[in-house]
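Read-outs: derived from the displayed coordinates by stated rules, not from any lab. These figures come from a predicted structure and were not determined experimentally. Note that each Cβ is placed from the backbone with ideal geometry, even for glycine, and that neighbours are counted across all protein chains shown.
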Number of protein chains: 4
Amino acid sequence: MAGSLAARTLERASFAAAFEAPAYLRSMLAFESAFANAEAAEGVIPAESARAIGEACSRLGLDVESLVAEGKRSASLAVPFVKRLTAAVSAISPAAAKHVHFGATSQDVLDTAMALCLKPCLEEADRALEAAVRALAARAREHRATPMLGRTLMQPALPITAGLKIARWALALAADRERIAEAQSTGLAVQLGGPVGALEALGDRGPAVRHRVALALGLADAPSWHVHRNPWIDLLGRVAQAVLTAGKIARDVSLLSQPEVGEMLEAPARDGVGASSSMPHKHNPVACAHGLAAALRMPGLLATLHACGLAEHERALGGWQAELALVPEIAGALGTSLDFLDTIAGGLVVDAARMRSNLEAHGGTAPGEAAGASSAAADELLARLAGYLP
Amino acid sequence: MAGSLAARTLERASFAAAFEAPAYLRSMLAFESAFANAEAAEGVIPAESARAIGEACSRLGLDVESLVAEGKRSASLAVPFVKRLTAAVSAISPAAAKHVHFGATSQDVLDTAMALCLKPCLEEADRALEAAVRALAARAREHRATPMLGRTLMQPALPITAGLKIARWALALAADRERIAEAQSTGLAVQLGGPVGALEALGDRGPAVRHRVALALGLADAPSWHVHRNPWIDLLGRVAQAVLTAGKIARDVSLLSQPEVGEMLEAPARDGVGASSSMPHKHNPVACAHGLAAALRMPGLLATLHACGLAEHERALGGWQAELALVPEIAGALGTSLDFLDTIAGGLVVDAARMRSNLEAHGGTAPGEAAGASSAAADELLARLAGYLP
Amino acid sequence: MAGSLAARTLERASFAAAFEAPAYLRSMLAFESAFANAEAAEGVIPAESARAIGEACSRLGLDVESLVAEGKRSASLAVPFVKRLTAAVSAISPAAAKHVHFGATSQDVLDTAMALCLKPCLEEADRALEAAVRALAARAREHRATPMLGRTLMQPALPITAGLKIARWALALAADRERIAEAQSTGLAVQLGGPVGALEALGDRGPAVRHRVALALGLADAPSWHVHRNPWIDLLGRVAQAVLTAGKIARDVSLLSQPEVGEMLEAPARDGVGASSSMPHKHNPVACAHGLAAALRMPGLLATLHACGLAEHERALGGWQAELALVPEIAGALGTSLDFLDTIAGGLVVDAARMRSNLEAHGGTAPGEAAGASSAAADELLARLAGYLP
Amino acid sequence: MAGSLAARTLERASFAAAFEAPAYLRSMLAFESAFANAEAAEGVIPAESARAIGEACSRLGLDVESLVAEGKRSASLAVPFVKRLTAAVSAISPAAAKHVHFGATSQDVLDTAMALCLKPCLEEADRALEAAVRALAARAREHRATPMLGRTLMQPALPITAGLKIARWALALAADRERIAEAQSTGLAVQLGGPVGALEALGDRGPAVRHRVALALGLADAPSWHVHRNPWIDLLGRVAQAVLTAGKIARDVSLLSQPEVGEMLEAPARDGVGASSSMPHKHNPVACAHGLAAALRMPGLLATLHACGLAEHERALGGWQAELALVPEIAGALGTSLDFLDTIAGGLVVDAARMRSNLEAHGGTAPGEAAGASSAAADELLARLAGYLP
């Protein structure tokens, strides 16, 4: 759903921009240009054609509304896009026009563009996750021996330490970060298969062309994944896991920041943050709202991703088209989660005194030495987080 | 995810516009204006204040980007919106400024605006569904005795008639249309509860004010549904059912339009519709792609709607905010479905000759008289569709 | 997944039993017997055959394991079931054997049996919901003026009354109950369509036979809904709404029973309830765990229900078979929710003193008169609950 | 939902048995016994106690119905289970009774037992996937140059070869198999954390005990994952990917086995397989029904898995309990998929003549050389499948 206003207060601006028309069209053009260059390098098309295509790509202005209107008739932006690019190339070099998009198919440019749009989001996520893990690991070490109530099934259980709780958050995020990074090497791949995935128009140069395009665009090289999308789904599933971890942390922080509990705040109170339109005294945990909103949306998005993957033959009818609308939303949920993580990385407030008084009030039957075991458990996790600690 | 380009070829333009900034802000202003009028009529605020508020609402220009940027700090557009509206009213009448949004809360204006944005979509859906049912019922009557293969578990079974198949589609859509209409009387309601849903600032005038607002906006009157949203969820669930029916029809049409089967087409072949960027000979069933894409997205959207409804106390943290982003997507999927239905209503091609030849080739063991029973079964359904037939 | 042990502590025994082999087979036999009687009454088969079939149905013993093993070969229990029934009838009257299941198809007996198994669950749910609404309405009236903190976005907002909060719960459950009852008149229907839904073997007696079967089994009469299942999906969607309401109540109660809040308990502490294997002092809100578990499962179940509905032609391949496994789980989630509702109906503890002290501690800026407005709001809801109050 | 009959024709018997009472209880006992041994080896409890516990574990008979009935009161089987085990140990050695489950919590035994039950399923899946890949890779090589229509958006596109299509299936399954195997090294881990995850009762021996238990049970060692479950979710997500691939293959096979297309069958026609209760001539693609049913169920199951992971504090209320019911269903869907894969591995029928005639009839505008490129593309994939080829 493009342009719904109500969604926008949940957006991370950079992630929204990453899939908007300018960025997505730029990615489509980057694909066509890199593809022409690769084909020229492999002798599939003349170098002159590649130059003309590259030149047209670098200065093509596209009217989004007419592109969309035309694209609806084929359920694909690529059809009118290629038509316009071909016209622009033709104006530069009529002979080059027939080499535009030569041997590729709509899905090649649309999927590759999607991967290219996702890439900077994942890079930004990697940095944001790293920063969050660093900040949380430091807080965990600081509070490794700060006793607080452990709570199970929403009731006081036995003492833990704040450091253990925070170290768990940090370690979970660090593992999510690693899992995402790991999956990129196969999941963030160029899509290049041509009409039925066999790159049939490229003769025996298909794999070599594909490899060059992948290198040029900074994506992994892989055989056409038109209808077997699990490396991509696997990558997005790991994104979903990071969103889940952030949501779990948001749930904990929101529970702890109930004033009756009062053990943590997502950040120190700031004017105008978490304000209410009717209750001036309120400081709502608005970052937690973001973290939870993202985590509540993600299971449905992930389910749809899998549902769309049940593709027919060599290109899906409906499923793939729906996925194109879905991936930006999955990235969007990740962006929303990162906004939450940025906040707690920057300002998580830990109230050791309230932790102690709640422990005294509600942890009556707990063995006194438990916090000791808990700080040892925190140390076990901190050792795994050593790379994130100064 | 606002503004993702890739989603746009699946959009129905009117449905997308219904939730974009101009429409949503207009709905928010309509709420505030109607609310001020209602409060004035019930003596809660002075008539002069209502006039000033109405005037400010009628000419307030809002900068969307700054609104969103500020709204992010409270996870709510309403906070900066009310601030701007209050400033505008203050410029007209300082005394009226304190009566802006008086007694209401963010959720009141945001939920009501969402209902107001959804309303014209449902009205348009009602008309489009009616048109689709009329067209399909007519085709069903036309082909009530046209024999074709019935197919079960993707294999030929016994003969039915094309009329029976199409009448089933039509009747299912007609029932979806009725179920949506029925749910609007409770599900498309004004939201007005104030900070904790008790309209506490309005004294004993709360219900009367709410009733007036509902009437003025053309919505149902109902006690605040901040955190008990089932009438709304029920309405959206019925929308999901219509999307499912359209998807099922799209699946059937796409199966029948495989050239090896060749019994139906979504529409006569038209230049440029269903074109491919790489295969000029293709006429893809692009409307079916829309119908299926919408139906594939909807289960996840519906699951998220339910997940978001598990609200905490008197206003949810995360769930409600996520729902605000979700409803336009649910409406969007409906719009996508209607695009499909418009196409088949306008142009469904039925090839009785291919039906007969497939029946002869693959329905060998079927009793000859079955098509007779099937046309009687079609008649039973057509009788229920009488209101849609000329 | 039949027989997983870990699921069983979430089960309501009567709901589990409703879909186990004895109950489901009894329902299948009830269908075949009623169907034969109806066919005899309409002259489709001889009365003697119906008698023989009825007799066989009344005493047929079925070995579940062999039935399942054979059923796997057709993805349908009905195939071996009809074979066994036919053999049993043949032993009574060879001439009657050919009238067993005459004109029906597997889906007819399996869907109808599913509806028959669901029916007593819905009846029990109706009674349990009524009891819960009655109990909660009484508590709401009792506490209509008991002030407590209203909480929004997990933070103290303004005062409400306990009665308002509880009345909202009660009214939401009452509306769910009504919506379920309403949908049964179309959603709990006999399935009878024969191989391709046209009852082709019954000539012009099809609708009359179907009507008799519906009457005999206490189900609604409706044309075959093999592949247009929205009335059924609509009914189950309303079940999902009730589960959601129960989950929302469970979320509230669990938040209020945190000892730092201490305003409610799901029930007075009882020995052995909510116990822990490691912490003898604990009294976990185990009924809330049930209510929340059911609500967490339901969105995915509902999504699957819709996904399965995207059927091919006259009988789905895969979707319908998956739905047969799904419906008992949807009912199971409802049963789990009812266990929660039974508990709070029987024993919800309201601690007015803690409510007052929390209000004093955390509701500082709230206008004193708000609780008054809130009790008026409670009265508005109680008026709608009048039929549930003594 | 334990014991629903209708689900059972979708079950793989070994997978169902893996989570039924005997297997799950055996796993719980294996945990307690290994745990006691590890504690004794680390000097936490006396060796005599471990012996008594081991002896009791080896011969404890448990009445399932009473265990479940009692377990419902704490939403946990572990509470009555530990009680019964303690009584049994006490009968052998009263002194040992206090060492039963010493330092562990309910979640430790229940989660570890779940991992133990899943383990043989994954091992069986690994073997079944390997066999399917081997069989399909061989068929792909055999048909590397067999031309057939490639089909996109459900319409004929350009020629591919049957070998390319089948090699894609095989490679996707091989990658799924690898991804599952890879995730087991972290995702199939012992759960051992004690009440709040810090193993507080074990002093500094916690990690050493945990390591021993992991080794003894053949699971990975990892810090307590009570509420940060992503390695487990990641593993199950990869299971979901395999189910999706199988579903995609089933979709293709079912489309190709429409008699109007007739290019493949899941297996040669066999008596009684795919039979209908009403149409004796039918041979339904019943294995495809299994593959599709599993794939249709999985997105909702996966969504629920993520939704349940949004845990509160040190043990979730509702989410974790729901997950215990869910994992056997996820495994069950995998089992259903494997049944499909077994069938096509054993008997996939490829009709090269029909492929050729359809290509001639519907692939008119396709360049003749395309099948050559396609067989080269098949070779690229076959090279990656070399390890699976003889």
| field | At 7 Å out from Cα toward Cβ: A:Arg26 inter-copy label distances (nm, ascending) | value | 3.3, 6.0, 6.8
| note | Along segment A:334-342, Karplus-curve 3J(HN,Hα) (6.51, -1.76, 1.60; θ = phi - 60°) to the nearest Hz, with x for Gly and Pro, reads 4, x, 4, 4, 5, 4, 4, 5, 4
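How large is the direction-averaged shadow of the alpha-carbon convex hull of segment D:262-390, in nm²? Could you put the intermediate results ahead of the total?
Details: hull surface 55.6 nm².
Over every viewing direction, the Cα hull of segment D:262-390 projects on average to 13.9 nm².
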| message | Angle check, please: helix B:206-217 long axis (alpha carbons) against the longest principal axis of chain B (alpha carbons), in degrees 0 to 90, nearest 10. | response | 50 degrees
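Between B:Ala95 and C:Ala352, what FRET efficiency follows from the Cβ-Cβ distance if R0 is 45 Å, with the result rounded to 0.05?
Details: r = 41 Å, r/R0 = 0.91.
For R0 = 45 Å, the calculated efficiency reads 0.65.
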| query | What are the residues whose amide H is under 5 Å from the amide H of B:Glu312, where those residues sit 5 or more places off or on another chain and H is modelled from the backbone? | reply | B:Leu317
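Could you work out the relative contact order of segment A:2-388, using alpha carbon pairs under 8 angstrom and six or more residues apart, expressed as a whole percent?
Values: 612 pairs, mean separation 84.8, N = 387.
For segment A:2-388, the relative contact order is 22 percent.
For segment C:12-52, what D do you get in µm² per second when you plug the Kirkwood radius from alpha-carbon pairs into Stokes-Einstein at 25 °C and 0.890 mPa s? Before the final figure, lay out each step's value.
Numbers: Rh = 11.4 Å.
Calculated translational D: 216 µm²/s.
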| Using a label position 7 Å from Cα in the Cα→Cβ direction, what is the ascending list of nm distances from C:Glu123 to the same site in the other copies? | 4.6, 4.8, 6.7
| task | Give the chain D residue with the shortest beta-carbon distance to the rotation axis relating chain D to chain B, plus that distance as a whole number of Å. | result | D:Glu260, 2
| query | Can you tell me the Rg and the Dmax, both Å, for the Cα atoms in segment B:2-388? | reply | 25.2, 85
| task | Using the 7 Å Cα-to-Cβ label point, sort the distances from C:Asp63 to its equivalents in the other copies shortest first and give them in nm to one decimal. | result | 3.0, 7.6, 8.1
| message | Quick check: the distance between the Cα centres of segment D:1-36 and segment C:295-351, to the nearest angstrom? | response | 22 Å
| Can you give the average number of partner chain beta-carbon atoms within 10 Å of each beta-carbon in peptide D:219-231, as a whole number? | 4
| note | Candidates B:Ala162, B:Ala18, B:Ala95; GNM for chain B (alpha-carbon contacts under 10 Å) flags as most fluctuating B:Ala95
| When C:Asp351, C:Asp111, D:Asp221 are ordered from fewest to most other Cβ atoms inside 10 Å of their Cβ, what list results? | D:Asp221, C:Asp351, C:Asp111
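For D:Met148, A:Met298, D:Met264, what ranking results if the residue with the fewest other Cβ atoms within 10 Å of its Cβ goes first? Provide the component values of the computation, followed by the final result.
Numbers: D:Met148 27, A:Met298 34, D:Met264 23.
Going from sparsest to densest Cβ surroundings: D:Met264, D:Met148, A:Met298.
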| Using alpha-carbon coordinates, inclination of helix B:352-362 to the longest axis of chain B, degrees | 60 degrees
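Regarding the protein assembly as shown, what is the average projected area of its C-alpha convex hull, in nm²? Kindly include the intermediate steps, with their values, before the conclusion.
Details: hull surface 210.6 nm².
Computed as one quarter of the Cα hull surface, the answer is 52.7 nm².
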| request: Please give every one of the lysines within straight-line cross-link reach of B:Lys98, meaning a C-alpha to C-alpha distance under 25 Å, and leave out same-chain neighbours fewer than 8 residues apart. | output: A:Lys282, B:Lys72, B:Lys83
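If you count, for every residue in A:16-22, the Cβ atoms of partner chains within 10 Å of its Cβ, what is the mean?
Values: counts 5, 1, 2, 7, 5, 5, 2.
Going residue by residue through A:16-22 and averaging, the value is 4.
Averaging sequence separations of C-alpha pairs under 8 Å and six or more residues apart, then dividing by the length of segment B:7-70, give the relative contact order as a whole percent. Before the final figure, lay out each step's value.
Values: 30 pairs, mean separation 16.3, N = 64.
Contact order relative to length: 25 percent.
Taking the Cα centre of segment C:2-153 as origin, work out the dipole magnitude from +1 charges on Lys and Arg Cβ and -1 charges on Asp and Glu Cβ, in debye rounded to 20.
The dipole of segment C:2-153 has a size of about 640 debye.
List B:Phe340, D:Phe102, D:Phe15 from most exposed to least, where exposure is judged by having the fewest other Cβ atoms within 10 Å.
Placing the least packed residue first, the sequence is D:Phe102, D:Phe15, B:Phe340.
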| Against the longest principal axis of chain D, how steep is helix D:370-384, in degrees 0 to 90 to the nearest 10, with axes from Cα atoms? | 20 degrees
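Per-residue mean of other chain beta-carbon atoms within 10 angstrom of the beta-carbon, peptide B:199-209? Intermediate results must be reported in sequence, preceding the final value.
Working: counts 5, 14, 6, 2, 4, 3, 0, 4, 3, 0, 0.
Neighbouring Cβ atoms belonging to other protein chains average 4 per residue here.
What size of dipole, in debye to the nearest 20, comes out for chain C about its Cα centre when the only charges are +1 on Lys and Arg C-beta atoms and -1 on Asp and Glu C-beta atoms? Show your work: numbers first, answer last.
Numbers: 35 positive and 40 negative charges, 81 e Å.
Roughly 380 debye for chain C.
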| said: If the elastic network links every pair of Cα atoms under 10 Å, which of C:Leu153, C:Leu199, C:Leu305 fluctuates the most in the Gaussian network model of chain C? | reply: C:Leu153
| query | For the protein assembly as shown, with only Lys/Arg (+1) and Asp/Glu (-1) charged at the beta-carbon, what is the dipole magnitude about the Cα centre, in debye rounded to 20? | reply | 0 debye
| Furthest towards positive pole of dipole, D:Val227, D:Ala378, D:Leu158, structure part segment D:2-388, Cβ charges | D:Leu158
